[in-house]
Amino acid sequence: MLELRGELDILAVSVLSDRLDDLTGLQGADLLLDVRAVTFIDCAGLSLLSRARYRTRQRGGRLRLTGVTRGGSVARLLRMTGLNGTFEVVSDEDGAEEPSAGAAGPAEVTDGAGTAVA
């Protein structure tokens, strides 16, 4: 599980895109992205998630989102853009681990243990 924290905007995308490209380039990857701690997402962030989903599916894998809370920034943007049915969204009860809390600021990727990986 990878946790995205903070603001998922054009500045964060420039930092995160290479890391996500590495992960989504793996054949049959099964990625779980926790977006619970994302405090803001813009079109660049949505594009990053869409690209990651596309790349994963093209290589026979899957990308799931967890932490998509009603009224949260990710859910709101997915709904506004009509993409709320596009991503596979799983609840915490479906096996996601509880992430550590993150402060607002540029987004970063951490593993399930809270260690920064990008």
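The values are calculated or read from the model by the stated rules, or taken from the named source; none is laboratory data. These figures come from a predicted structure and were not determined experimentally. Using ideal geometry, Cβ is built from the backbone for each residue, glycine included, and neighbour counts are taken over all protein chains shown.
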- Item | Count - residues of segment 1-48 that are part of a strand (DSSP E or B), of a type in the set (Asp, Glu) and either without any contact (Cβ under 8 Å) to a residue 24 or more places away in the chain or more than 20 Å from ARG79 (Cα to Cα) (or both) | 2
- Message: Given (1) assigned to a helix (DSSP H, G or I); (2) over 12 Å from the mean Cα position of the chain (by Cα); (3) within 14 Å of LEU4 (Cβ to Cβ), identify the lone condition not met by THR69.
- Response: (1)
- Here are some residues: GLY60, GLY105, GLY71. Which one is at positive phi and at pLDDT 95 or above? GLY60
